[in-house]
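**Q** Quick one: the structure is below, questions incoming.
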2 protein chains.
Amino acid sequence: MRIGEVADRAGVSTRALRYYEEQGLIAPERTGSGQRSYAESAVERVQMIQQFFTAGLPSRTIRQLLPCVDTGHGSPEAFAMLAAERDRITAAMADLAAARDALDALIDLAHHPTPEHCPALRDPAWSSYDAGLVRA
Amino acid sequence: MRIGEVADRAGVSTRALRYYEEQGLIAPERTGSGQRSYAESAVERVQMIQQFFTAGLPSRTIRQLLPCVDTGHGSPEAFAMLAAERDRITAAMADLAAARDALDALIDLAHHPTPEHCPALRDPAWSSYDAGLVRA
DNA sequence: CTAGGACCTGACGTTGACGTCAAGGGCAAG
DNA sequence: CTTGCCCTTGACGTCAACGTCAGGTCCTAG
């Protein structure tokens, strides 16, 4: 499979695929004339890489954890890194939830007929807002 | 309050505060000699700004939504933007959850005595993994 | 054989939220 | 007065994940 097809099927640009190779995340074969030749599994691999990028992991970290995916096991250090990243992601999710709740509070505020600058925001509620359910 | 104290109390750098002002997110007073003079409420405001930055909102968007915070109500467009950002954040949380589950699967894999490259990863499980509870 | 599309390498451009350095001004203590 | 810390503006540096362009190669269809 050539680079264009992988790009199409994985939903990324060819530039991104070359970048991933440059970063040591994929190692496609080469034809005699120098063109990249990807295995079928490359599509899934690229999608997984994308997923980690989306989660905010830098390429260096992804490069470190991919061997675990390939070999199916990892050294203790690799294991610690996986756990650390998992925790980072969990923390990021909490931050997102807090921001979303803040937005929900604003939306709620905007929905009110605004009697007179109803409070419930400026006080200490920015972190402890208890996840109200507001739906459009 | 001068810039250094605000920076300390809000947990950001003075550079960041000047950047926020440059981006139109805060408008501190000025003393006769040109030094910035912040109100007490600036600390909370900066923390809120930080929260939105952490959630991935660009400064331009934050600038648009801050008037809603200040006035306590918003135009219909502002309301639509708030809802759009809320949805973006929700989507980002889903992406994070998927990546975290992928990492959990890897961690689980690393915990196994690795009998023979146990599957459960490469197949279609990257999005539908059912949030197993693994704790260090 | 030739047109045109896909591919190659190399290299510079982009964006956002700041970091960092340079060169000076303001201000309370001693 | 001067020492020293905080403040000012201005401007360039950074980092990551690519986008984009340039100039050349490969390959397949007609």
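Every read-out reported here was derived from the displayed coordinates using simple, explicitly stated rules and does not represent laboratory data. These figures come from a predicted structure and were not determined experimentally. All Cβ positions, even for glycine, are placed from backbone atoms using ideal geometry, and neighbour counts span all protein chains on display.
**Q** What average count of beta carbons from other chains do you get within 10 Å of the Cβ of residues in B:39-52?
**A** Numbers: counts 0, 0, 1, 0, 0, 5, 1, 0, 2, 5, 0, 2, 8, 4.
Mean inter-chain Cβ contacts per residue within 10 Å come to 2.
**Q** In nm, what does the list of distances from A:A27 to its counterparts in the other copies look like, shortest first, when each label sits 7 Å along Cα to Cβ?
**A** 5.9
**Q** Then there's this: I need the Kirkwood Rh of region B:11-79: take the reciprocal of the average 1/r across all distinct C-alpha pairs and report it in angstrom.
**A** Values: mean 1/r = 0.0774 Å⁻¹.
Result for region B:11-79 stands at 12.9 Å.
**Q** Projecting each Cα onto the charge dipole of region B:1-74 (Lys/Arg +1, Asp/Glu -1 at the beta carbon, about the Cα centre), which of B:S37, B:G72, B:P58 comes out farthest on the positive side?
**A** Of B:S37, B:G72, B:P58, it is B:P58.
**Q** Please compute the net charge surrounding B:L96, taking Lys and Arg as +1 and Asp and Glu as -1 over other residues with Cβ under 14 Å from its Cβ. Numbers along the way, then the final one.
**A** On the way: positive: A:R86, A:R88, A:R100, B:R88, B:R100; negative: A:E85, A:D87, A:D95, B:D95, B:D101, B:D104.
Counting the neighbours of B:L96, the net charge comes to -1.
**Q** Continuing with the same structure: If we hang a label 7 Å off Cα along the beta carbon direction at B:T71, how far is it from the matching labels on the other copies, in nm, shortest first?
**A** So the label point of B:T71 gives 6.1 nm to the other copies.
**Q** Quick one: which residues, 5 or more positions from A:S37 or on another chain, have an amide H under 5 Å from its amide H? H modelled 1.01 Å from N in the peptide plane, none for Pro or chain starts.
**A** Residues meeting the criterion, in which the H sits 1.01 Å from N, are A:E29, A:R30, A:T31.
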